[in-house]
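The values are calculated or read from the model by the stated rules, or taken from the named source; none is laboratory data. Remember, it's a predicted structure, so these values are computed and weren't measured experimentally. Cβ: placed from backbone, ideal geometry, glycine included. Neighbour counts: every protein chain shown.
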Amino acid sequence: MNPLVHLFITLLGPLSLIGVAVTARGEPGQAPRRVQRYLVRATMLGVLAALSAWIAVGAQGQLTSPRLGYAGLGAAIRLDALSGTIFSMVVLLVLVIARFSVTYLDGDPRHGTFLGRLAATAAAVEVLVIANNLLLLWVAWVATSLCLHRLLVFYPDRPRAVLAARKKFIVARLGDACLGGALLTLYVRTGTSDLSRILADSSAHSGWALSTAGALLALTALLKSAQFPTHGWLVEVMETPTPVSALLHAGILNAGPFLILRFSPLLDAAPASAWPLLVGGGFTALFASVALRTQPSVKVALGYSSAAHMGFMLFVCGLGVYAAAALHLVAHSFYKAHAFLSAGSTVDVNQAKRVAVDQREPSAGRAALALALATGLYLGLAHALGISPWDQPSLWLVGAVFVLGMMQLVGAGLGAPFKPRVYLRVLAAAGGVTIAFFGLEALAHAFLADSLPAYAQTRPAQLILAGVVVSVWALASVLQLSGLGRHTGFAERLRVHFKHGFYANALFDRLVRHSNPQLPTGGLS
């Protein structure tokens, strides 16, 4: 089949969703049967578009469409292993979320309007993923944010939702400006707006322009993914409809890491751009992962969880292990979509109660044993599978983070009352997860080899910084599992500070309300 046919079929996905958004303008109210029917069909057409994209990438490797525009600017799309993977992920998420939304607001007097806004947001995300022109990329980026804003203020009579949306709007405009500056710098420096050409020749464009563009791209990703200190809006948008939360946390937040992955060849040629990712992403991952444990609300905890995952992905991108970040992106998206769409599910609650076990008090000895077992499993299975985790310094750090995660799993099992069968099952599960980790990492590296650099050349100073960050993560994990110092006055005060997000969000609230005194005074910190 002609490659242009595959590209056209791929475009049918976002175009059909745009058609749904237009249809919703004429059927905005209750029981919008035509909009519901068209939305379901559009999502099925999106699945067909994703299949066509996979066929094209499998046969051709990489496809780019002709550019429609003037003076080198305009619209063009690109299909490769990375865009095909993320496009397919978005299509599947939209399929599930759209079907959930068809009945979720059934009876709402503005049901049609909601479905139209949801379709428009999904279309913008899909275009963003496959864009191959700097102008189209920027337009899709801004459109995604503006369409999301309309979803966040779907209920304008909810003051806290309006305040959160206002803060999100301000942060998003800063991100748009950073991205615009980065893309304009690249356009002026390279003389082309074709993303494929810029990435292919990135190593030839060294100097201040490339470093400036890389730093601006990193800042854009940090702002998009709700990293500290601009994280507050993310944990306050929980009054929006559940499908919006699912789309936001499973899809739109990932635009930050995706942007870094898309421009990874350029960032690989500008190592200085890794600093913001290592610092901002690393700190947010630690801060948010601790803060989520202090929250009484499940949805707020999920918000902090998303910020932590985004921070970890950006941190891994800063290390230059891009394939691992891409794998994490896909896994986190499906996990978070399920978490939000099933929140409050009676079936899930009953299943959780069925597998819950009594936990003994934390102890330092059990934490040390869990760490030793997790490390032994990781190194032993790596050796058995013929994998050397010492080939790249950045892989040491990624492996260390994985060991910390396995330590939590093993530690939870060891915390149950002594039952050899339970302990063996926990170790078997940890071993299975470790094998899956090695296998999926190898698969991701091989599959994305033509789209992402294998490993970035990380500077020694950056490795030292990353090592310090991972060491702090390790200390926090050991303290949590061992229970050391948990009942001291210092720990209690620190818990309060984490619960309120170190008051960064409270300061942001004051700044926003100072510019608009009519906004509500309530909010989470």
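Which of (1) over 17 Å from Ala325 (Cβ atoms); (2) surrounded by 14 or more Cβ atoms within 10 Å (Cβ to Cβ) does Arg459 not meet, given it meets every other one? Only one criterion is unmet by Arg459, namely (2).
In the stretch 186-235, which residues are closer than 30 Å to Leu163 by Cβ and surrounded by fewer than 24 Cβ atoms within 10 Å (Cβ to Cβ)?
Within the stretch 186-235, Leu216, Leu219, Leu223, Phe228, Pro229 qualify.
Counting the residues of the stretch 390-437 that are closer than 15 Å to Leu371 by Cα and in contact (Cβ under 8 Å) with a residue 60 or more places away in the chain gives 6.
Looking across the stretch 385-409, the residues that are in a helix (DSSP H, G or I) and either aliphatic (A, V, I, L, M) or at pLDDT below 80 (or both) come down to Pro393, Leu395, Leu397, Val398, Ala400, Val401, Val403, Leu404, Met406, Met407, Leu409. Among the residues of the stretch 77-84, is there at least one that is surrounded by fewer than 23 Cβ atoms within 10 Å (Cβ to Cβ) and of a type in the set (Gly, Ala, Ser)? Taking every residue of the stretch 77-84 in turn, at least one turns out to be surrounded by fewer than 23 Cβ atoms within 10 Å (Cβ to Cβ) and of a type in the set (Gly, Ala, Ser). Tell me yes or no: at least one residue of the stretch 410-425 is at pLDDT 80 or above and under 27 Å from Ala270 (Cβ atoms). Within the stretch 410-425, not a single residue is at pLDDT 80 or above and under 27 Å from Ala270 (Cβ atoms).
Of the residues that make up the stretch 57-66, is at least one at pLDDT 90 or above, touching a helix residue (DSSP H, G or I) at 6+ places or on another chain (Cβ under 9 Å), within 20 Å of Ala200 (Cα to Cα) and not β-branched (Val, Ile, Thr)? There is no residue in the stretch 57-66 that is at pLDDT 90 or above, touching a helix residue (DSSP H, G or I) at 6+ places or on another chain (Cβ under 9 Å), within 20 Å of Ala200 (Cα to Cα) and not β-branched (Val, Ile, Thr).
Tell me yes or no: at least one residue of the stretch 37-45 is of a type in the set (S, T, N, Q), under 23 Å from Leu448 (Cα atoms) and part of a helix (DSSP H, G or I). Checked the stretch 37-45: no residue is of a type in the set (S, T, N, Q), under 23 Å from Leu448 (Cα atoms) and part of a helix (DSSP H, G or I). Checked against the criterion of being within 29 Å of the chain's Cα centre (by Cα) and not in a helix (DSSP H, G or I), the candidates Leu440, Leu452 yield just one match: Leu452. Looking only at residues that are at pLDDT 90 or above and assigned to a loop (DSSP other than H, G, I, E, B) in the stretch 248-269, which one is nearest to Ser145 (Cα to Cα)? Restricting to residues being at pLDDT 90 or above and assigned to a loop (DSSP other than H, G, I, E, B), the top hit is Leu253. Screening Phe114 against (1) closer than 18 Å to Glu239 by Cα; (2) buried (at least 23 other Cβ atoms within 10 Å of the Cβ); (3) in the same structural domain as Ala331 (by TED's automatic domain parsing) leaves a single unmet condition, (3).
Of all residues assigned to the stretch 260-270, at least one qualifies as being within 18 Å of Leu135 (Cβ to Cβ), touching a residue at least 24 places away in the same chain (Cβ under 8 Å), among the aromatic types (Phe, Trp, Tyr) and touching a helix residue (DSSP H, G or I) at 6+ places or on another chain (Cβ under 6 Å).
Looking at (1) touching a helix residue (DSSP H, G or I) at 6+ places or on another chain (Cβ under 6 Å); (2) at pLDDT below 90, which is the only condition Val162 fails? The one condition Val162 does not meet is (1). Screening the stretch 1-58 for residues that are under 17 Å from Val94 (Cβ atoms) and charged (D, E, K, R) and picking the one that is nearest to the chain's Cα centre (by Cα) gives Arg41.
The criterion of being at pLDDT 85 or above and closer than 25 Å to Tyr322 by Cβ holds for Ala337. Residues of the stretch 484-504 include at least one that is touching a Gly at 6+ places or on another chain (Cβ under 9 Å) and modelled with pLDDT of 85 or more. Taking the criterion of being farther than 20 Å from Ser451 by Cα and of a type outside the set (Phe, Trp, Tyr), would at least one residue in the stretch 255-262 satisfy it? No, there is no match, as no residue in the stretch 255-262 is farther than 20 Å from Ser451 by Cα and of a type outside the set (Phe, Trp, Tyr).
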